[in-house]
Amino acid sequence: RQSLFIIDCHSGEVIVRKELPLNVQVNSTPLVTDKLIVFGTQTDGLVALDRETFEVRWKARTSPALVYTAPYSRHPAATVETSPYSSENDYFGASDGIIYGIDKESGQTTWKHKTGAPLFSTLSTNGNMIFATDFGGNVYAFKCNE
């Protein structure tokens, strides 16, 4: 099973091990906020865990992946290899070729843009724009009105 670990950085001792009802065989780096731990998964899109209880708070589901990158994955994998970016909303790209904006409290999709090619790199920002690249070699810039 896949697990969340809290490890003492000095001793290496496992303080908490929480089994997850998710497959997290992806390269997504977690986004840690004051309330949530948000990360990509192999089959459930983007997921947020409550930072205190480690229970699933929400799932932002994606469409089936255009390319299967996670080990032993196949249809209907909904892989998110990228790490979420947070501002007023959370933003991420997915293997389904869509860039998503989601409400960080509920996980509901508030905005999306279809690129047509998988997204494997994390979005970046300069403060008022969000930048993304897709596997087809395209670069996107979106002006944020937040």
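The values are calculated or read from the model by the stated rules, or taken from the named source; none is laboratory data. Since the model is a prediction, treat every value here as computed from it, not as a measurement. Note: ideal-geometry Cβ built from the backbone for every residue, glycine included; neighbour counts use all protein chains shown. The accessibility values were calculated without ligands, DNA or RNA, using every heavy atom of the protein model including side chains. Shrake-Rupley method; radii C 1.70, N 1.55, O 1.52, S 1.80 Å.
Taking segment 38-61 only, how many residues are of a type in the set (A, V, I, L, M) and more than 10 Å from the chain's Cα centre (by Cα)? Before you say what the answer is, go through the steps one by one.
Filtering segment 38-61 down to residues of a type in the set (A, V, I, L, M) leaves 38, 46-49, 56, 60.
Checking the rest, the ones that are also more than 10 Å from the chain's Cα centre (by Cα) come to 49, 56.
The number of residues fulfilling the criteria is 2.
Yes or no, residue by residue, for (1) of a type in the set (S, T, N, Q); (2) without any contact (Cβ under 8 Å) to a residue 40 or more places away in the chain:
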position: Phe92; (1), (2): no, no
position: Gly97; (1), (2): no, yes
position: Gly101; (1), (2): no, yes
position: Gly107; (1), (2): no, no
position: Leu123; (1), (2): no, no
position: Asn126; (1), (2): yes, yes
position: Ala132; (1), (2): no, yes
position: Phe135; (1), (2): no, no
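Within the bounds of segment 56-79, is there any residue that is free of Cβ contacts under 8 Å to residues at least 40 places away in the same chain and assigned to a strand (DSSP E or B)?
Among the residues of segment 56-79, at least one is free of Cβ contacts under 8 Å to residues at least 40 places away in the same chain and assigned to a strand (DSSP E or B), which makes the answer yes.
When you scan segment 10-33, how many residues do you find that are at pLDDT 95 or above and among the acidic types (Asp, Glu)?
Residues that pass the stated criteria total 1.
Do we find that Ile15 is out of contact with any Ser or Thr (no Cβ under 8 Å at 6 or more places or on another chain), without any contact (Cβ under 8 Å) to a residue 24 or more places away in the chain and not in a loop (DSSP other than H, G, I, E, B) in this structure?
On the way: out of contact with any Ser or Thr (no Cβ under 8 Å at 6 or more places or on another chain): yes; without any contact (Cβ under 8 Å) to a residue 24 or more places away in the chain: yes; not in a loop (DSSP other than H, G, I, E, B): yes.
Here the answer is yes, as Ile15 does meet what is asked.
Restricting attention to segment 113-133, report how many residues are touching a Gly at 6+ places or on another chain (Cβ under 7 Å) and either surrounded by 14 or more Cβ atoms within 10 Å (Cβ to Cβ) or assigned to a loop (DSSP other than H, G, I, E, B) (or both).
As a first pass, look at segment 113-133 and keep what is touching a Gly at 6+ places or on another chain (Cβ under 7 Å): 114-119, 123, 132.
With the extra rule that they be either surrounded by 14 or more Cβ atoms within 10 Å (Cβ to Cβ) or assigned to a loop (DSSP other than H, G, I, E, B) (or both), the set shrinks to 115-119, 123, 132.
Adding up the residues that qualify gives 7.
Could you tell me how many of the residues in segment 28-53 are touching a residue at least 60 places away in the same chain (Cβ under 8 Å) and surrounded by fewer than 19 Cβ atoms within 10 Å (Cβ to Cβ)?
2
Sort out which residues of segment 18-51 are in a strand (DSSP E or B), touching an Asp or Glu at 6+ places or on another chain (Cβ under 7 Å) and of a type in the set (Val, Ile, Thr), and write them in order of number.
Val38
Given the criteria charged (D, E, K, R), open to solvent by 70 Å² or more (accessible area, probe 1.4 Å) and either part of a loop (DSSP other than H, G, I, E, B) or touching a helix residue (DSSP H, G or I) at 6+ places or on another chain (Cβ under 6 Å) (or both), does Glu88 qualify? Working first, answer last.
Details: charged (D, E, K, R): yes; open to solvent by 70 Å² or more (accessible area, probe 1.4 Å): yes; either part of a loop (DSSP other than H, G, I, E, B) or touching a helix residue (DSSP H, G or I) at 6+ places or on another chain (Cβ under 6 Å) (or both): yes.
Yes, satisfied.
Given the structure, is Val56 closer than 18 Å to Leu123 by Cβ and surrounded by fewer than 21 Cβ atoms within 10 Å (Cβ to Cβ)? Steps first, answer last, please.
Working: closer than 18 Å to Leu123 by Cβ: no; surrounded by fewer than 21 Cβ atoms within 10 Å (Cβ to Cβ): yes.
Against the criterion (closer than 18 Å to Leu123 by Cβ and surrounded by fewer than 21 Cβ atoms within 10 Å (Cβ to Cβ)), Val56 does not qualify.
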